[in-house]
Structures are given as structure tokens and as C-alpha cells.
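Following: one structure in C-alpha cells, then a few remarks.
The values are calculated or read from the model by the stated rules, or taken from the named source; none is laboratory data. Everything quoted here is computed from the prediction, not taken from an experiment. Reconstructed Cβ throughout: ideal geometry from the backbone, glycine too, with neighbour counts over all protein chains shown.
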């Protein structure tokens with residue numbers, strides 16, 4: 001299985017820090033955000049990693065190199081202009097291959113996420129206790145988290161492992177930025193086209209074609225300097 005880490009965002013809300021450093025290279029507890037992901041992926045045996053970049057992208061390549069110092073092999077997908085998440089995947093399809101892959105937002109901090117659990121997610125037909133149609137929840141698997149204070153409305157509902165656009169009884173969850181996808185999902189997005197992943201996910205969720213579960217470990221969307229400082233505050 002391969003992994004893709006999104007690292008092309010400008011990080012406007014993190015300025016002025018991101019004026020001179022790409023957001024995924026900002027450090028939490030002495031380690032760059034993106035390195036937390038790489039280390040955890042390698043620990044789970046996922047060593048082929050694709051990273052897209054745009055803003056100050058060369059700094060990311062200089063910092064991470066070919067990945068050998070982490071026990072990984074890193075391929076880069078540079079973007080002249082950031083293509084958003086689905087656009088970034090479509091642009092990197094030639095590097096990702098045709099098997100399901102895991103994609104991770106480079107600006108979330110989840111130090112204890114066990115990537116072992118993503119490996120066979122889309123092949124496990126017994127997860128609901130019975131076989132299910134391949135055109136149902138077999139296209140993607142999302143890891144959702146409890147809605148943080150800054151995003152109380154959430155993103156998706158979840159019922160019996162099926163992701164929906166509306167939560168039952170008002171219960172919604174926030175997309176963690178971690179998901180497993182079949183490459184064919186992105187056939188409608190042309191290389192070089194800008195497209196948000198959430199747009200695509202909502203189309204599939206409306207048809208009941210996405211599965212998911214709630215991740216209850218430590219997780220932070222490092223979207224502001226305040227949240228970064230809170231993570232780096234003395235314990």
C-alpha cells in the first residue's frame with residue numbers, strides 16, 4: 001500500500017510563520033508535522049510515500065530528501081499552483097498506482113494513529129458481519145473525529161459504518177484528514193485541475209458509497225498559531 005501526504009497548502013492562517021516555512025514543516029514537540037506521519041507510516045510498514053507540494057516546496061524536498069533516513073521511499077508531486085486535495089491526487093495518479101492508498105493531511109497532528117488499520121480496509125468484506133456490494137461502501141473509508149470547538153457543525157454523519165452528508169438525530173463528525181481511497185474515484189478529475197476532495201466525497205456519500213469509523217485518539221487540526229502554541233506548551 002502507498003500513502004500520499006498533502007503538503008501543498010499555503011497556510012494563510014499560520015502567517016507569518018508560513019511566509020518562510022511550509023506548514024507541514026512546522027514543529028510540534030520537536031518534530032515536523034509531516035515527519036510525525038512519515039514515522040508512523042513506516043512503523044506500520046507503509047514505506048512508499050507520495051508528497052505533493054507547491055508553496056516553498058523545495059524546502060520540503062530538502063528537509064525530507066528521498067526518505068531513506070526514515071526508512072521510506074518518497075516521491076514528490078510538485079504543483080506550480082496548489083490544486084487542492086482531489087486535484088493533488090489526480091495530479092499524482094501516475095505515482096500512486098491502481099491499488100487503494102491512504103491519504104493524509106500534512107497539517108494534522110495525530111501522534112498515535114496506527115496506520116496498520118488502513119491496509120486492508122477496502123478489502124475487508126466482513127466488517128459489517130456479512131458480504132456487501134462492491135458498489136456500496138467500498139470506494140473510500142474515512143476516519144472521523146469528534147467535532148472540535150472550532151468546527152462544531154462537523155462534516156459527515158455516520159451510521160452502521162456508512163458515511164452520509166447528514167447526521168442522524170443531528171449527530172455529525174469531522175473528517176480527520178485521513179482516508180483510504182480507490183484511485184478510480186479520481187478519474188473525473190484531470191491532472192492539473194483544481195478540485196477539493198470534500199466535493200467528491202459528498203457525491204459518493206450521497207449515494208451511500210463511502211464507509212468510515214470514528215477515531216478517538218489524540219488529534220488536532222493545526223490550523224492556527226494558537227493551536228500550534230497549545231500543542232507545544234509545556235506539559
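Structure summary
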item: Some residue of the range 55-69 being within 15 Å of residue 1 (Cβ to Cβ) and surrounded by 17 or more Cβ atoms within 10 Å (Cβ to Cβ); result: no
item: Counted residues, the range 92-112 - those being touching a strand residue (DSSP E or B) at 6+ places or on another chain (Cβ under 6 Å) and within 16 Å of residue 195 (Cα to Cα); result: 3
item: Only one of 15, 43 that is surrounded by fewer than 24 Cβ atoms within 10 Å (Cβ to Cβ) and more than 19 Å from residue 111 (Cβ to Cβ); result: 15
item: Residue 51 more than 18 Å from residue 187 (Cα to Cα) and touching a strand residue (DSSP E or B) at 6+ places or on another chain (Cβ under 9 Å); result: yes
item: Residues of the range 82-111 classified as in a loop (DSSP other than H, G, I, E, B), more than 12 Å from the chain's Cα centre (by Cα) and closer than 24 Å to residue 14 by Cα, total; result: 3
item: Positions within the range 201-213 being under 14 Å from the mean Cα position of the chain (by Cα) and not in a strand (DSSP E or B), in sequence order; result: 201
item: Residue ID - farthest from residue 4 (Cα to Cα), chosen from residues in the range 70-84 that are at pLDDT 95 or above and surrounded by 16 or more Cβ atoms within 10 Å (Cβ to Cβ); result: 70
item: Test: residue in the range 24-31 that is within 22 Å of residue 225 (Cβ to Cβ), buried (at least 24 other Cβ atoms within 10 Å of the Cβ) and touching a strand residue (DSSP E or B) at 6+ places or on another chain (Cβ under 8 Å); result: yes
item: Scan of the range 190-200 for residues that are surrounded by fewer than 16 Cβ atoms within 10 Å (Cβ to Cβ) and in a helix (DSSP H, G or I), ordered by number; result: 198, 199
item: Helices (runs of 4 or more DSSP H) within the range 1-68 that include 2 or more residues at pLDDT below 90; result: 17-20
item: Pick from the range 151-166, criterion buried (at least 17 other Cβ atoms within 10 Å of the Cβ) and not in a strand (DSSP E or B), ranking: nearest to the chain's Cα centre (by Cα); result: 155
item: Residue match in the range 106-118 (condition: closer than 19 Å to residue 184 by Cβ and either at pLDDT below 95 or surrounded by fewer than 16 Cβ atoms within 10 Å (Cβ to Cβ) (or both)); result: yes
